[in-house]
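Comments concern the structure below.
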Amino acid sequence: MMAWLRFIVTATIFALVTLVSLPLQYLFVKTGVGLQKKFPLLFHRLGCKLLGLKVHVHGEMATQRPLLLAANHASWSDIVVLGSLKEISFIAKAEVANWPLFGMFAKLQRSVFVEREKRGKTHHQASEIATRLASGDVMVLFAEGTTSDGNRVLPFKTSLFGAAQVAIRETSVQEVTVQPVAIAYTRVHGVPMGRFHRPLISWPGDVTLGPSLIGLLKDGALDVDVWFGEPVTIDGKSDRKALARLMEERVREMMMSSLLGRDLVTPRAESVDAAILPDSAILKDVKKL
């Protein structure tokens, strides 16, 4: 009974906030005023409050620009979590643009929509992302290309990492910073979540959005860790496949440290090579960067 009462109250407040926020953000985007970046930050922070998401941040987002964030993806709520921390935009799959309500949210956050399955469009899509990076927008790439069950990190797709190199080739920037970001849902109502309860928040590809949203609105009170790992600076000669493997390795390490409750020992980075574990199998490839 209490869960459904919470759902009714939370859903009502969310609907009222949305009715006010959507036209305001539409106006900000159309007029190009500075609030088009700041307003989504406030909206997502309120969203975290309504959904009962308590965000614990480890590390800091890099200050260098252009900046591409490479993150794992377990749930639609990842967008709310990351969006509550900084002024960012997302790289989303094309079908999101047509979703009821959430598609409008994505457009008003100035997301870039991509069709990952159509290889012929890869360069055009990378160029659009590159333009946004060069203009100073921080772009979030959910590099797995889909959502997982929240217990693991899926292999990172390499194609859109090429957007960082396109930004160098097609714009005036000389280097692009790429930073790994890990998102891990760890507790529900203060109790360690574990594999059994993580479906409360995870949203793998075969689960529809409606039940997932209703479940979170009913239950709430979730703890989530967000890790900002050591960034890597690349240039036009960088190997995007090696870069993708490195980001995947670092994201997996950070995520598992949260899920297993272990401290993460991160090497101190004063250069690209210093940021990589000496015994990493990726080291030889990354030295080509």
*Output the residue which, of all residues in the stretch 9-19 that are surrounded by 12 or more Cβ atoms within 10 Å (Cβ to Cβ) and of a type in the set (S, T, N, Q), is nearest to residue 215 (Cα to Cα).*
10
*Residue under evaluation residue 137, criteria (1) within 22 Å of residue 213 (Cα to Cα); (2) in a loop (DSSP other than H, G, I, E, B); (3) in contact with a strand residue (DSSP E or B) (Cβ under 6 Å, 6 or more places away or on another chain); (4) of a type outside the set (Lys, Arg), criterion not met*: (1)
*Going by the conditions given, is residue 137 in contact with a His (Cβ under 8 Å, 6 or more places away or on another chain), at pLDDT 90 or above, of a type in the set (D, E, K, R) and within 17 Å of residue 82 (Cα to Cα)?*
no
*For residue 212, indicate whether it is at pLDDT below 95 and surrounded by 18 or more Cβ atoms within 10 Å (Cβ to Cβ).*
yes
*Working only within the stretch 154-193, note down all residues that are over 30 Å from residue 216 (Cβ atoms), surrounded by fewer than 24 Cβ atoms within 10 Å (Cβ to Cβ) and not β-branched (Val, Ile, Thr).*
159, 162, 165, 169, 170, 172, 174, 175
*Taking the stated definitions as given, is residue 22 surrounded by 13 or more Cβ atoms within 10 Å (Cβ to Cβ) and within 24 Å of residue 257 (Cβ to Cβ)?*
no
*Any idea which residue in the stretch 240-255 is nearest to the chain's Cα centre (by Cα), counting only those that are among the acidic types (Asp, Glu) and farther than 16 Å from residue 186 by Cα?*
248
*Does the stretch 139-153 hold any residues that are surrounded by 21 or more Cβ atoms within 10 Å (Cβ to Cβ) and either among the small types (Gly, Ala, Ser) or more than 18 Å from residue 96 (Cβ to Cβ) (or both), and which are they?*
143, 150, 153
*Kindly check whether there is at least one residue in the stretch 221-239 that is among the charged types (D, E, K, R), at pLDDT below 95, in contact with a helix residue (DSSP H, G or I) (Cβ under 7 Å, 6 or more places away or on another chain) and crowded, with 18+ Cβ neighbours inside 10 Å.*
yes
*Neighbours by Cβ (under 8 Å, 6+ apart or cross-chain): first from the stretch 176-196, under 18 Å from residue 54 (Cβ atoms); second among the hydroxyl-bearing types (Ser, Thr, Tyr)*: 182/258; 184/258; 185/75; 185/202; 186/258; 192/186; 193/185; 193/186
*Filter the stretch 56-113 down to residues that are at pLDDT 90 or above, touching a Phe, Trp or Tyr at 6+ places or on another chain (Cβ under 8 Å) and of a type in the set (D, E, K, R) and give me whichever is surrounded by the fewest Cβ atoms within 10 Å (Cβ to Cβ).*
60
*Could you tell me which residue of the stretch 160-177 is modelled with the highest pLDDT, considering only residues that are of a type outside the set (A, V, I, L, M, F, W, C) and touching a strand residue (DSSP E or B) at 6+ places or on another chain (Cβ under 9 Å)?*
177
*Pairs only if they're at least six apart or on different chains, beta carbon under 9 angstrom, first in the stretch 41-59 and closer than 20 Å to residue 6 by Cβ, second among the basic types (Lys, Arg); list them, first residue then second.*
48/54; 52/6; 54/187
*within 24 Å of residue 201 (Cα to Cα) and of a type in the set (Phe, Trp, Tyr) - does that describe any residue in the stretch 7-17?*
yes
*Can you name the residue in the stretch 1-31 that is under 14 Å from residue 219 (Cβ atoms) and not hydrophobic (A, V, I, L, M, F, W, C) and is also modelled with the highest pLDDT among such residues?*
10
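The values are calculated or read from the model by the stated rules, or taken from the named source; none is laboratory data. This one's a predicted model, so the numbers in the text were calculated from it and none came from an experiment. Here Cβ is always computed from backbone atoms with ideal geometry, including for glycine, and neighbour counts include all displayed protein chains.
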